[in-house]
Structures are given as C-alpha cells and as structure tokens.
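Taken together, the values in this text are just the output of simple stated rules run on the coordinates, not laboratory data. Everything numeric in this text was worked out from a predicted model, so none of it was measured. When we count neighbours, we look across all protein chains shown, and the Cβ atoms used for this are built from the backbone with ideal geometry, even at glycine.
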Amino acid sequence: MITREAQLEITQLLEEFPAVAVLGPRQVGKTTLAETIATAISPDPIYLDLESPTDQAKLREPEAYFELHKGQLIILDEIQRVPELFAILRGVIDRRRRQGYKTGQFLILGSASLDLLKQASESLAGRIAYKELSGLTATEIIAPKIGDQNRLWLRGGFPDSFLAKTDPASLRWRLNFINTYLERDVPQFGPRIPAAALRLLWTMLAHNQGAQLNMAQLGANLGISIPTTKRYIELLEDLLLIRHLRPWSGNVGKRLVKAPKVYIRDSGITHALLNLTTLDDLLGHPVVGASWEGFVVENLLSCLPVGVTPWFYRTSAGAEIDLVIERNRQQKYAIEIKRSMAPVLSKGFYLGCEDIGATSRFLVYPGTERYPVSKGVTAIALVDMMQEVRNIQ
C-alpha cells in the first residue's frame, strides 16, 4: 500500500539530488517503495541488500562497482549495516558531478535515524536529501471511515499488520516484529543490551504512552542506572520506534515543564506490548486516551511541511496543550486531542492558548463532523486536521 504521493516525492528528490535517503523502521514499506519507483526508471536500477552476504561481497571494491554501473540508479538497502560507505559515496558523487552526472545516482534505505547515521550528515552534506517514511496514515487507508480509522489505530501503520485477515493474526505479526527487533536488530548497535530489559522498558513506555520522560523512575523500575536508561531510550529513538515531543520553550514568563513527552510511534506496537487484541480490549484499557493521543500526534507529524515545528505546552500551574504546531511567531496552531464523541475542553487548554498567542485552535476527536466548540475552537476529524496541517504556509 505505497501511496502515489510518496512515490512522487521521492522521484522528485531524485531529480534534484545525487542521493536520496529513505529512513523508517523495518517492514514499513521502504523496499516496496524503492521497487515501485525502480519500475519507472530507465536503465534498470541496481538493487543491493546490504544484509545479504552476496550483495555485500559485490561492494568489496565499492568505487569500482559504482564506476561499472555509472548512469544507473543504485539502491542500497539497510545502509546502517555498512556505514563506512557514506565516505566513499561522497567521493563518487563529487567525481561524477565533474563528469556531468548530477542527480539520481543513489537511493539509500535505512532502518535507523539520522542521529545513528551520523556518517551521512557529515559525509554527504549538500549531496543528499532525506525522507522519513512512516507507516500507513489515516489519509492513506482505502476508505477513511471511522471503522477503517479504528482498525488503523488498533493495528498500527505497518502494512502487514494493518492488512492481516484477523485481529489475532495482526497481533501475532506485531509480536513477532517486536521479537525480531530485540533478538536480531538491537544487538548490532553498540554494546550488548539485554533483550529482556529492553522489552520491559518498551512495555513500560507503552503503559505510560505520552507521559513526560522520567529517567530516574524508569531506571529504578528496571534496576539500572540513569545513564544506562538514557542509552536504552536513545537506541529506541534511533531505531525510529519511539518519538520525543519537546516542550514549548517560548518566553511567556511562565514556569514551563522541561522534560519531553515520549510516544511509541506506532499505535499497533503499543497495543501489542500491552497484549490488546481487539478494539473492545483497547477501549476497556486505561491506556485508551493516551493511545489515541499518540495515534493522532503521529499522523499529524507525518504530514508536517518543511520548516514547521511541533511542541507540546505545559506549565506548572496547569495550562496545557497536547500539540502546538508553530510555523513562525505569527502562526501557532493549538491542538487538543480527545477520545470522546462529546469532548469537553479544560480551562488549562484556554489558558495555554492565551499564553502562547495561538492563532488557530482545534480539537481533534474520533467523529467526522466539523463544528465550533467555543471561544474560537473548532472540533475536527483527524483526516481533516491532517489536511489543515499540510496546508500550513
């Protein structure tokens, strides 16, 4: 279920840059996207899976291999397996520029964030564009009706999980996904991290979806030091499995909270860690409100225009906004998120809007109707809010 929009965006970047990196967690659809794009390119691109010993062997002399296939797009999948390639790519791209080959040379796929792939930002500055590929979003599913939206919320955005024949089959896929990360992928990064400890941390984050990060409490519950806890958290973030949402830091003369909020990025993984199989299981669980908030936040952030910054706002006095989207000082969207068909806004939201000078105020809820709530606040469906965010200029 690769969307036309994603294909067009990557194709356009390939026409503008020598290299394009598509980043996202495993099984999110990066390889399928690359293969789809490849079918429309001539001459036929070269695809190398850097987890395959056979394909790795082809790059024992990478410069010679790239020279042999000059003029063809080369797709390098799971680039984090061979990070030393970045420095070589810089030299290859610079030589080709002098020879008249300027764009569309390399399509790089990776299952880790830019922080983990520091070689890319250091070696390929000005030569590479980045695109983060999220899972399926509410605007991408076949028919964005409430039923489909609820299925996406329950199962998450990984295509194989969303498309599973039954809810139990979807849950089995996600549990296997979690085990694969813990047993195969995590050990390749840095010092040895016990799988059991990381699973427990991941599960605690699921129970506290959207809560402010408290390293000391997490470390105490795990029986590990704060620096070790920090390393585990950073690894999950580097693997694009969790997201930090930073607190708004504008000068409003208030005592603002400083710790970020932490979300497991895929709602289906949150539910799998909590062993929630069906929508009824989810609706009856204490995490339901926080899970819906995380689902909405991830969908909205997936369509942010370039140059737009997301925050949350909270003061020690109780003013609070779930999501602030800021284009500039004159354009601030205050977004409250409620899992209720008859949502009620708190006084803290209105206070927060006054504090930051919000220019637009929205309440995202599970319904489909758009209607005014009060004091300039509009209740809005998730898919409509996503369109509002896309149109920010």
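Things to note:
- The chain: calculated mean residue ellipticity at 222 nm from DSSP helix runs of at least 4, using -39500 (n - 2.57): -12000 deg cm²/dmol
- Relative packing of 222-229, 153-160, which averages over residues the other C-beta atoms within 10 Å, highest first: 153-160, 222-229
- Computed from the alpha carbon atoms alone, the convex hull of the stretch 233-307 holds 130 Å³ per residue.
- Relative contact order (%) - criterion: Cα under 8 Å, at least six apart; region: the chain: 13 percent
- Note, ³J(HN,Hα) from phi for the stretch 366-372, Karplus 6.51, -1.76, 1.60, rounded to Hz, x at Gly and Pro: x, x, 10, 7, 9, 7, x
- Each residue of the stretch 211-222 was assigned a 3J(HN,Hα) from its phi angle through the Karplus curve 6.51 cos²θ - 1.76 cosθ + 1.60 (θ = phi - 60°); the sequence is 7, 5, 6, 10, 4, 4, 5, 4, x, 5, 5, 8 Hz, with glycine and proline shown as x.
- The distance from the alpha carbon centre of the stretch 306-357 to that of the stretch 370-391 is 13 Å, rounded to a whole number.
- Taking a sphere under 13 Å around the Cβ of Pro305 and counting the other residues whose Cβ falls inside, with K and R at +1 and D and E at -1, yields a net charge of -1.
- Amide hydrogen neighbours beyond the local backbone of Ile242, cut-off 5 Å, H modeled: Glu237, Arg265
- When each of Asp185, Asp355 is scored by the number of other beta-carbon atoms lying within 10 Å, the sequence from fewest to most is Asp185, Asp355.
- Sparsely packed GluC sites (Glu not before Pro) within the stretch 337-393, loop by DSSP, other Cβ within 10 Å at most 16: Glu369
- Residues with amide H under 5 Å from that of Tyr130, placed H, sequence gap 5 or more: Ala21
- Amide H partners (placed H, <5 Å) of Ile74, local residues excluded: Ile46, Phe106, Leu107
- Electrostatic dipole magnitude of the chain [Cβ: Lys, Arg +1; Asp, Glu -1; Cα centre; debye, to 20]: 900 debye
- R0 of 56 Å, Cβ-Cβ distance Ser340-Asp49: FRET efficiency to nearest 0.05: 0.75
- Extents of the chain, largest first, come to 65, 46, 45 Å (Cα atoms, principal axes, whole angstrom).
- Long pairs among Lys230/Lys261; Lys30/Lys131; Lys258/Lys375; Lys261/Lys338; Lys58/Lys131, criterion Cα-Cα beyond 19 Å: Lys258/Lys375; Lys58/Lys131
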